[in-house]
1. Going by alpha carbons, how many degrees (0 to 90, nearest 10) lie between the helix axis of 77-100 and the longest principal axis of the chain?
2. Could you work out how far helix 35-44 tilts from the main Cα principal axis of the chain, as a 0 to 90 degree angle to the nearest 10?
3. Report, in degrees rounded to the nearest 10, the 0 to 90 angle that the Cα long axis of helix 102-112 makes with the longest principal axis of the chain.
4. In nm, to one decimal, how far is the residue 79 label point from the residue 168 one, both placed 7 Å along Cα→Cβ?
5. Return the inverse of the average 1/r over all pairs of distinct C-alpha atoms in the chain, which is the Kirkwood hydrodynamic radius, in Å to one decimal.
6. Give, as a single signed number, the net charge of other residues whose beta carbon lies under 14 Å from the beta carbon of residue 110, with Lys and Arg counted +1 and Asp and Glu -1.
7. Rounded to the nearest 0.05, what FRET efficiency do residue 126 and residue 90 give with R0 = 22 Å and r taken as the Cβ-Cβ distance? Could you check?
8. When the helix-only estimate is applied to the chain (DSSP H runs of n ≥ 4, each -39,500 (n - 2.57), divided by the residue count), what is the mean residue ellipticity at 222 nm, nearest 500 deg cm²/dmol?
Amino acid sequence: MATRKSTCDWDRIELEYLAGEASVREIADRHEISEGAIRKRAKAEKWVRTVRTLRTVRTEPVAVAASPAEPVPVPDAAVIAERGRGLVARMLDELDATTTHQGKLEEMIEDETSGDREARRRDGMLAAISLTGRAKTLKELATAFKTINEASAPQGKKAGQQEKADQIANRFRGVGPPTLKSVK
């Protein structure tokens, strides 16, 4: 006759199962049996499990939310455009200084990198101040300046007329949808 491999305290397992405080997996781990065995036994003996209650983990009081921060005013488009123009002007001055002192900068790079084994650092520094690098920078600054000016430019004549016409049309717009009245 076959002997049972493990002895289980099924009364204790049933009490824990019916209490509904621990999951089936937790009960199975505690009693060192499979959760499938518990599920089979529960189904065979028609154990009705109560709904598992959630435990509150929070022990500290919840902090009161601070009052909302003051809204940050959004700068006007003209202010943004003026800042952009100023930035482009400063960068053009910097490019002018680089172009003016090209020879001195090349000498400084040569002196700084004379002890280097590899020429990669020197080549990179010279490429940064080269004519192609400066031309690329100038092109990008010109594009940025053009974009800033286009964005801040006043509307064209047609767009201005259309906006004025829309404002006038809004004066004569009805208050709500039309209503039907019956005639007797």
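Just so it is clear, none of the values below were taken in a lab; they were calculated from the coordinates. This structure is a prediction, so every number in the text was calculated from the model and none was measured. We place every Cβ from the backbone using ideal geometry, glycine too, and count neighbours over all the protein chains shown.
1. Between helix and principal axis, roughly 60 degrees.
2. So the helix axis and the longest Cα principal axis differ by about 50 degrees.
3. It works out to around 50 degrees.
4. 3.5 nm
5. Values: mean 1/r = 0.0359 Å⁻¹.
Here the Kirkwood hydrodynamic radius works out to 27.9 Å.
6. Values: positive: 104, 121, 122; negative: 106, 107, 111, 112, 116, 123.
So the environment of residue 110 carries a net charge of -3.
7. Values: r = 24 Å, r/R0 = 1.10.
Once the sixth-power term is evaluated, E becomes 0.35.
8. Working: 8 runs with 109 residues, N = 184.
For the chain, the value works out to -19000 deg cm²/dmol.
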